[in-house]
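Notes to accompany the following structure.
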Amino acid sequence: MPERVWAHIAVMAAVTYAIRLIPLLLLRREIHHPWFRAFLRYVPYATLTAMTLPAAILSAPNPLAGTLGLLVAGLLAYLGHSLLLAAAASSLAVWLAQLPF
């Protein structure tokens, strides 16, 4: 059993390394195509959103409470408030949404 675990770790390490190495080897010159540059500019935001949104919504026992907390945090961030205030207000909104009425 442990031999298979180490084999799985080695394969995943190789795949992770290849994912980082291949673009470095293939994209040696600067990218000049405007559409491709715009696409690459938005990739980090799309990836962060794809990882963050489900976690934020499903972190609360009730998905509606998680969604409310996400909306409160997003609104406060959009209005330019601090990260601390947005996090505290969204936590409070989730907590209030879960109170039995």
Condition check: within 24 Å of Val72 (Cβ to Cβ), within 21 Å of the chain's Cα centre (by Cα) and free of Cβ contacts under 8 Å to residues at least 24 places away in the same chain. Does Thr16 satisfy that? no
Given the criteria in a loop (DSSP other than H, G, I, E, B), open to solvent by 90 Å² or more (accessible area, probe 1.4 Å), of a type outside the set (Asp, Glu) and farther than 30 Å from Gly69 by Cβ, does His32 qualify? yes
Those residues of segment 43-95 which are open to solvent by less than 80 Å² (accessible area, probe 1.4 Å) and either touching a residue at least 24 places away in the same chain (Cβ under 8 Å) or of a type in the set (Phe, Trp, Tyr) (or both), in sequence order: Ala60, Asn62, Ala65, Gly66, Leu68, Gly69, Ala93, Val94
So Glu30 ticks every box in (1) at pLDDT below 90; (2) within 22 Å of the chain's Cα centre (by Cα); (3) not hydroxyl-bearing (Ser, Thr, Tyr) but one. Which box is left unticked? (2)
Determine whether segment 36-54 contains at least one residue that is modelled with pLDDT of 90 or more, out of contact with any helix residue (DSSP H, G or I) (no Cβ under 9 Å at 6 or more places or on another chain) and part of a helix (DSSP H, G or I). yes
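The values are calculated or read from the model by the stated rules, or taken from the named source; none is laboratory data. In this text the structure is predicted, and so the values were computed from the model without any measurement. Neighbour counts are summed over all protein chains in view; Cβ atoms, including those assigned to glycine, are modelled from backbone coordinates with ideal geometry. The area values use the complete protein model at the heavy-atom level, side chains included, leaving out ligands, DNA and RNA. Shrake-Rupley method; radii C 1.70, N 1.55, O 1.52, S 1.80 Å.
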